[in-house]
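Chemist: Handing you a structure now.
All of the numbers you see were taken from the coordinates with simple rules; none came from a lab. If you're wondering where the values come from, they're calculated on a predicted model, not measured in any experiment. Note that each Cβ is placed from the backbone with ideal geometry, even for glycine, and that neighbours are counted across all protein chains shown.
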Ligand SMILES: [Zn+2]
């Protein structure tokens, strides 16, 4: 019988012929860790998957409107952290030097946009006017800095 060490808890488990490549034992926590590892790798390597996940999350949030409000009330440190990050983004939008090195590295990624930096990433697009579709879920859009070559390709 072949045995292997679980990648999560380190205990050895029996490798079955049905799952010859199994890396984690069958304990709940270890299987959850395996799933999280898989998703982290997938998010890092697969853009379609990343967009799809973000869309699903935006749709879910739109269908559960009270959830994040409650979450913020129950987790004040989370709210505080986000508030600080937002303050940083506002500072950058006003053209002021950022205080946090994390944010500044994001803003400096595109050297062509030094004067008017913005944060590339995913944004929710929420219709402000009355639309025929009630309770329309916010659209998720990805905004990135266009370079000169992008324009050439599109025109
Ligand atoms: Zn394990």
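Chemist: Using Cβ contacts closer than 10 Å as the measure, can you line up 140, 43 from fewest to most?
Modeler: Lowest count first: 43, 140.
Chemist: Here is a further query. Residue separation times 0.36 nm, minus the C-alpha to C-alpha distance between residue 85 and residue 48: what's the value?
Modeler: Length gained, residue 85 through residue 48: 10.7 nm.
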